[in-house]
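Here is the structure we will look at, set down as structure tokens.
The values are calculated or read from the model by the stated rules, or taken from the named source; none is laboratory data. Please read these numbers as outputs of a predicted model, since none were measured by experiment. Neighbour counts are summed over all protein chains in view; Cβ atoms, including those assigned to glycine, are modelled from backbone coordinates with ideal geometry. Just the protein is used for accessible areas: all its heavy atoms, side chains included, with ligands, DNA and RNA removed. Shrake-Rupley method; radii C 1.70, N 1.55, O 1.52, S 1.80 Å.
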Amino acid sequence: MFLLGIWILTLLLLFTSGGISLIAEEGPSPNWPVFTDVSEAAGVPFVHRSSATPKKFLLETMGSGVALLDYDGDGFLDVYLLNGAKLTPGMVPGSIPEKSSPEYWNRLYRNNGNGTFSDTTDEAGVGGRGYAMGVAVGDYDNDERPDLYVTNYPSNQLFRNQGDRTFRDVTATAGVSGGGWSSSAGFFDYDRDGDLDLFVCRYLQWDFDDVFCGRSELRAYCDPKHFRAISNLLYRNDGDGTFTDATDGSGVGAHPSKGLGVAFNDFDRDGRPDVIVANDGVPQSLFLNQGNGSFREEALLKGLAFDEDGNTFAGMGVDFADYDQDGWPDVLITTLSLETYALFRNLSGRAFDYVSKRSGVAAATRLYSGWGTFFFDADNDGRKDVFVAQGHVMDTIESTNSILSYLQPPLLLRNRADGFEDVSPESGHPYGNSHAGRGAAFGDLDNDGDLDLVIVNMDRRVQIFRNETTGANWISFRLKGKHSNSDGIGAEIRITLDSGDRQFARVTRASSYLSSNDVRCHFGLAGHTSIKEVRITWPSGIVQTLRSVGANQFLEIKEP
């Protein structure tokens, strides 16, 4: 019996990592939050419109994103929602989707600070053009006002925040219109010169060709394998309101793929921001920053390109953050049903280890298709949980596979230190409703110290999930750069508690799918009422330390 016990313990150790506790608690904790869908009460009636046609153009399936930003500087997060455009069966190559009708406009909702929002789209001038896909938020001109970059089919837009609750389209002068089918985008300072550069994913070489896929009696959306890959785009900020296309010179253009999601972090902690792109049906991409204006693509060498069996998968949403609090950023990539979502644990900057099965992620996700996703601390216990907006890409999937569904409920996985557990059924009524979920973002919409969610659903009303966390402490940091970019994008924040436990976060807005999150860095503190030490490493290289910081506050920190 003694030897049997040792053998069982050895097996358990083989299926854990980093010396993490073996035994998980049963069921959610008493403080596990319930989420409430407050979109109707908040006055946000937005409905995403895919404008589906009998021709089943692939563009119709992909949905759109959402951005959370404080565009008017009043301290409350506003919501910017992207929309499709009018498509018709007769569209031919070169056609431009029509967006003049208000039902297809992108919509900006200003947070009134009392739980309600007001539609300020007309006033702000951000209705957009084309078939909108993704949105990136960033202060590209360092005037301390967040600007908007919107990816559309067939060209993109940059909206400069004027500071008077209006935006101006500066795409032409900035030189960032892109072209083709762009998807996710994000701002980051890859050359660390103090202003934000721009990375734009592109999906496919695609146009309104009349390509038939499916059976003779049932037309279906085409598999992406029918279309050729295309390179992503990299724009270097020149610091004068314009950008230079650095796609080819940086090496990014040498690696065409089928990019849908993008996220930034420092994989090897060499002080330079790296890029991960989630690719659909082809190897994933890891662009390592060489520090000389160039990137080297090393997903295969670092164990990120494929799953543990060496297979490609349909990468869609992505996050690049430290879920196990060891100081090294890990990666989550959502996939199609029957593939299981891909969780990669960072092995101290040497490589990634595919841990989907060992972590419980595989078992919880095999029948689902995931899009918008992120690590976030749902219950303020100090561990990053996982949210996924879900829904299959094929609206006819039930006719070809009876165990799968087009409409799927959102997923919430609780981080129990030794793995992840599906706690969606215990997390409130919204998790029991099925949709074709696509873009998603997180942020503290009501400034009550917990993280709320916004989800865009295909052809249905947007969902705003209010987090009702109780009984746990927290802190939120808002960085103000002086030598670095104004938002401190790329800064690392490390907090140390009296217990000696540490948490790590990187300041970024980019992750998920087609979306942009709250720029404030949020930490759950569980029962801790103060933080022993806060250590900030700014993109400029300046290291700043604060000690004995009280919990339950929004703290603005200026770069010295």
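What the table shows:
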{"quantity": "Accessible area of the stretch 159-246 belonging to carbon and sulfur atoms, whole % at 1.4 Å probe", "calculated": "42"}
{"quantity": "Summed side-chain charge close to Pro89 - residues other than Pro89 whose Cβ falls under 12 Å, Lys, Arg +1, Asp, Glu -1", "calculated": "+2"}
{"quantity": "Surface per residue (accessible, 1.4 Å probe) for the stretch 175-242, Å²", "calculated": "39"}
{"quantity": "Spatial separation of Cα centroids for the stretch 341-387 and the stretch 287-336, in angstrom", "calculated": "12"}
{"quantity": "Isolated Cys residues of the chain, judged by Cβ distance under 4.7 Å to other cysteines", "calculated": "Cys201, Cys521"}
{"quantity": "Cα gyration tensor shape for the stretch 221-290, rounded if a/c is under 1.5, else prolate or oblate", "calculated": "oblate"}
{"quantity": "Order by protection proxy (mean Cβ within 10 Å, highest first), peptides 395-405, 295-305, 266-276", "calculated": "266-276, 295-305, 395-405"}
{"quantity": "Å² per residue, accessible surface of the stretch 343-476 at 1.4 Å", "calculated": "29"}
{"quantity": "Of Lys302/Lys480; Lys55/Lys225; Lys532/Lys558; Lys56/Lys258; Lys302/Lys558; Lys480/Lys532, pairs whose Cα-Cα distance is over 26 Å", "calculated": "Lys302/Lys480; Lys302/Lys558"}
{"quantity": "Sum of -39500 (n - 2.57) over DSSP H runs of 4+, divided by residues of the chain (222 nm, nearest 500)", "calculated": "-1500 deg cm²/dmol"}
{"quantity": "Ser530 long-range amide H proximity, modeled H, under 5 Å", "calculated": "Ala551"}
{"quantity": "Accessible area per residue in Å² at 1.4 Å probe, computed on the stretch 79-144", "calculated": "37"}
{"quantity": "Integer Hz, Karplus 6.51/-1.76/1.60 couplings in order for the stretch 177-184, x for Gly and Pro", "calculated": "6, x, x, x, 9, 8, 10, 7"}
{"quantity": "Accessible area of the stretch 440-560 belonging to carbon and sulfur atoms, whole % at 1.4 Å probe", "calculated": "44"}
{"quantity": "Among [x] 69.7, 235; [y] 22.1, 76; [z] 26.3, 89, the entry that matches Rg and Dmax of the Cα atoms in Å as calculated here", "calculated": "[y]"}
{"quantity": "Extreme residue, positive dipole direction of the stretch 319-448, given options Ala351, His429, Phe376 (C-beta unit charges)", "calculated": "Ala351"}
{"quantity": "Farthest toward positive dipole pole in the chain [+1 Lys/Arg, -1 Asp/Glu at C-beta], among Gly317, Tyr221, Trp328", "calculated": "Tyr221"}
{"quantity": "Most to least packed among 237-250, 326-339 [average Cβ atoms within 10 Å]", "calculated": "326-339, 237-250"}
{"quantity": "5 angstrom amide H check on Gly293, placed H, neighbours 5+ away", "calculated": "none"}
{"quantity": "Phi-based couplings in Hz for the stretch 438-445 (Karplus 6.51, -1.76, 1.60; Gly and Pro marked x)", "calculated": "9, x, 7, 8, 10, x, 8, 5"}
{"quantity": "Solvent-accessible surface ranking, highest first, for His255, His429, His483 at 1.4 angstrom", "calculated": "His429, His483, His255"}
{"quantity": "Shape of the stretch 446-555, Cα gyration tensor, a/c cut at 1.5", "calculated": "oblate"}
{"quantity": "Relative packing of 81-87, 166-172, which averages over residues the other C-beta atoms within 10 Å, highest first", "calculated": "81-87, 166-172"}
{"quantity": "Integer Hz, Karplus 6.51/-1.76/1.60 couplings in order for the stretch 526-533, x for Gly and Pro", "calculated": "6, x, 6, 9, 8, 10, 5, 8"}
{"quantity": "Cβ-defined net charge surrounding His522, 9 Å radius [Lys, Arg +1; Asp, Glu -1]", "calculated": "-3"}
